[in-house]
Amino acid sequence: MAEIGLQNGWRTVQRRRWIAIAVAVVVVVGGVFTWVEFFRRVPPPAMASDEENFEYGSLGNERADGIPYWLWLVLPRVFPEHLPAPGGYAAIGFLSQPGRELPIGFSKATIGYERVALNCAGCHMASARLQPDTPLLITPSRQPQTHASEAYLRFLIACASDPRFTAQTLMAEIAKNYHLSASERLAYRLAIIPATRRAILRLTDRPVLIDHDTMKQHADASKVTRVDTYLHSLH
Amino acid sequence: MLAGSRQTVVRRTLLVVAAVAVLVGVWAVISLAIDRPVTYADVRDHFKYGSIGSEPGVSLLNPVGGILPPRAVFTALPSICPEKLPGGYASLGFIVEPGHVLPVGVSVRRRLGIDHVGLNCAACHTGTVRDAPDAPPRIVLGMPAHQLDLQRFVEFVTECTLDARTTKAAVLAQLSKTGVHISLFERMLFQFGLIPRLKQTVLQLRNRIGPLLGNEVPAWGRGRVDTFNPYKAVQFNWNLAQLPHEELIGASDFPSLWNQKPRAGMHLHWDGDNDSVDERNLSAALGAGVTPVTVDHDGIRRVREWIWTLQPPKYPYAIDSALATQGADTYRTTCLACHADHRFRDGIIDPGATRVGQVVAIADIRTDRHRLDSYTETFAENQYQLFPDSPYRFTHFRKTYGYANHPLDGIWLRGPYLHNGSVPTLADLLEPADQRPAAFYRGNDVFDRERVGFVSDVPAAGGRTFFRYDTAVPGNSNQGHEYGTTLSPDAKRALLEYLKTF
């Protein structure tokens with residue numbers, strides 16, 4: 001009897017140990033997964049010049065204001081009716097340079113997952129076509145020239161307010177463009193898509209205007225200074 | 001004892017059921033996971049029938065890519081809707097070789113448990129030519145598919161797939177007649193809703209490209225395609241009805257695929273919007289139904305290697321070499337700078353050809369501008385987001401403001417002429433614009449040795465109705481490019497003779 005009791009006790013200890021190990025494994029794996037998928041910060045690519053930095057550089061606001069890249073890519077294709085005309089982001093006034101994936105005014109950074117955020121160039125660019133059948137000239141401008149950024153926010157809000165803003169619809173469109181890994185799919189489906197929707201809908205509580213103070217609050221001060229200096233160096 | 005044996009029987013039965021369920025599950029998973037094209041050892045057969053990945057894939061419920069229905073449906077459609085397509089796919093200009101069920105330009109690939117079909121490069125870049133109306137056709141790989149009515153083809157396939165007569169029973173009944181075999185798994189998919197699912201997909205496609213299929217835009221006709229407008233709808237889901245109507249008129253001739261190596265770095269496409277052969281190839285593949293996730297890069301690369309140095313066939317009829325030599329002199333002063341000379345077929349670019357592969361401003365070339373305007377800056381900006389996060393992402397596309405000067409290798413097989421195919425023969429092209437034919441027929445493959453081009457004054461022959469091309473229709477103008485039109489009749493005759501040697 002005593003022997004059996006001892007054996008039972010030993011088994012209990014052993015079982016508890018296994019449970020502890022299992023919990024530890026789950027915590028570690030879950031922690032690593034969470035860190036990799038949501039928080040891991042990859043240094044953004046260095047920009048060749050102050051001009052390029054102004055046009056595509058990160059202000060450090062992707063964490064607070066960024067839209068997950070794959071959502072950003074497919075939103076105009078899933079919700080073209082929320083844009084004023086066919087043409088993706090170009091239809092709301094964003095300008096692009098030859099061969100660049102993102103229009104001027106968008107930066108891309110990886111914080112867990114790739115995120116796209118607006119920077120100053122979204123508004124502070126001017127464009128002109130001097131003659132018909134010639135290329136459009138694009139130049140940075142101290143005075144804001146477009147309302148593309150505000151139209152962009154309105155577009156995001158319209159998308160997030162649409163009942164079709166679901167993991168099912170959006171993942172189906174992403175699947176036409178890219179093979180996400182199983183863990184990325186899980187992260188997008190369970191966390192990133194619903195969280196993005198909630199975050200965008202929170203914008204509806206305040207007027208949709210680009211507010212420099214709020215923008216600077218979310219951004220990295222040194223990065224803002226570099227852009228400010230550049231803008232003031234322009235004639 | 002009795003209870004025990006009953007228990008054993010129940011347990012055994014359950015075990016057998018579970019084993020069968022597991023086996024069926026494994027079978028289904030394996031069937032769904034297989035992605036296997038029908039392959040060909042000879043590169044010419046690969047070009048004609050091999051896959052570039054334009055068959056649908058990724059998911060049974062949300063298929064990605066592809067324009068055509070599964071092979072079993074595709075081969076049954078002409079019999080299911082005979083009044084929509086008397087004469088079958090061949091009447092639309094598809095080339096069906098003896099012993100083949102599927103035409104040239106259609107590949108087969110098993111994906112998601114289904115034998116799918118897709119279009120490949122050969123669909124739009126293989127043509128036929130005949131010496132005389134009663135002569136047999138010769139198939140020329142890489143030449144423009146001047147006989148193919150792609151618009152009517154897409155229209156037929158979508159309409160007949162959506163037709164109420166296209167049912168599971170009708171499709172399966174055709175299998176024995178067409179000799180097409182389908183797997184047990186595919187047969188089960190037919191039982192479990194493949195046709196309704198297919199109709200839903202086709203309906204989505206038709207909703208997107210609808211404005212390009214009906215009579216809202218001028219007919220493309222045989223040998224022409226609107227390259228970029230379908231792409232705006234299919235890839236980016238633009239509502240075409242919201243675009244300026246003029247922008248939807250973009251039909252232009254299929255080009256030849258020969259000699260890509262000496263074309264590297266030239267401005268390709270009619271408006272010269274891309275100077276990368278590989279990117280242009282991949283973009284053309286999108287038009288055939290490929291997507292960034294279903295593309296078969298190896299299949300495309302194999303075609304690319306082959307067309308890199310593929311030469312056009314030589315002019316098979318008599319050439320007056322003395323006359324051609326005279327013509328070469330005229331050519332050197334009138335045409336060479338923009339078009340290079342006859343040696344381009346061997347990959348040689350004359351140093352004097354300083355403007356070959358460059359874009360000439362629309363104000364100077366003055367040909368029909370619709371095709372140019374169908375490609376917009378906004379569209380280019382969207383193209384840069386294709387093949388995202390991959391080495392294949394598009395970066396070379398540029399909006400241009402004119403049309404590109406193309407080398408003329410194999411020009412005898414590339415009629416009708418100008419980007420929109422508005423001038424039937426080379427002889428007509430050397431006439432002032434107002435003396436070129438105002439209307440003619442496209443799609444006849446009988447060669448006209450006198451005027452160099454295809455016979456263009458016959459409305460129908462051999463069961464095919466040709467396309468009446470009216471130059472007064474928007475997009476079809478035959479104006480512009482009046483180089484060489486003021487030469488003497490003798491000089492023109494000599495020039496024509498020289499062009500046969502290309």
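Here, each number is a calculation from the coordinates, and none is a lab measurement. What you are looking at is a predicted structure, and each value in this text was computed from that prediction instead of being measured. All Cβ positions, even for glycine, are placed from backbone atoms using ideal geometry, and neighbour counts span all protein chains on display.
For the reader, a short list of remarks on this structure follows.
- Dipole magnitude of the protein assembly as shown, debye to nearest 20 (Cβ charges: Lys/Arg +1, Asp/Glu -1, about Cα centre): 3240
- Loop-located trypsin sites (Lys or Arg not before Pro) in segment A:86-193 (DSSP state not H, G, I, E or B) with no more than 14 neighbouring Cβ atoms inside 10 Å: A:R129, A:R142, A:R164.
- Extent along principal axes [Cα atoms of chain A; Å; largest to smallest]: 100, 39, 35
- Alpha-carbon spread of segment B:1-55, three principal axes, descending order, Å: 72, 19, 9
- Peptide B:229-238, shielding by other chains (average Cβ, 10 Å cutoff): 3
- Of the trypsin sites (Lys or Arg not before Pro) found in segment B:427-502, those that fall in a DSSP loop while having at most 15 other beta-carbon atoms within 10 Å are B:R449.
- Virtual spin-label span in nm between B:T354 and A:F38, 7 Å along Cα→Cβ: 6.4
- Each of B:M188, A:M215 was scored by other Cβ atoms within 10 Å of its Cβ. Listed from fewest to most, they are B:M188, A:M215.
- Cβ-placed point charges (K, R +1; D, E -1), dipole of segment A:74-214 about Cα centre in debye, nearest 20: 260
- Among the chymotrypsin sites (Phe, Trp or Tyr not before Pro) in segment A:1-70, none sits in a DSSP loop with a Cβ that has at most 13 other Cβ atoms within 10 Å.
- Share of pairwise Cα separations in the protein assembly as shown, more than 53 Å, in percent: 21
- With a threshold of 21 Å on the Cα-Cα distance, the over-threshold entries among A:K108/B:K232; A:K108/A:K216; A:K176/B:K84; B:K48/B:K199; B:K48/B:K500; B:K48/B:K168 are A:K108/B:K232; A:K176/B:K84; B:K48/B:K199; B:K48/B:K500; B:K48/B:K168.
- Separation between Cα centres of segment B:9-42 and segment A:119-194, rounded to whole Å: 43
- B:L172-A:N8 pseudo-label distance in nm [points 7 Å out on the Cα-to-Cβ vector]: 6.2
- Pairwise Cα separations in segment B:211-318 fall into 5 Å bins from 0 onward with the following percentages, short to long: 2, 10, 17, 19, 20, 14, 9, 6, 2, 1, 0.
- Cα-based helix-to-principal-axis angle, A:148-161 vs chain A, degrees rounded to 10: 40
- Nearest-ten-degree value, helix B:194-213 long axis tilted from longest Cα axis of chain B: 20
- Percent of Cα-Cα distances greater than 37 Å, calculated over chain B: 31
- Values of log10 I(q)/I(0), in the order q = 0.22, 0.23, 0.27 Å⁻¹, for segment A:19-67 under a Debye, Cα-only, solvent-free model: -0.84, -0.88, -1.00
- Sorted by Cβ density within 10 Å, fewest first, the residues B:Y89, B:Y498, B:Y392: B:Y392, B:Y89, B:Y498
- Label positions at B:D470 and B:Y40, each projected 7 Å from the Cα along the C-beta direction, are separated by 3.9 nm.
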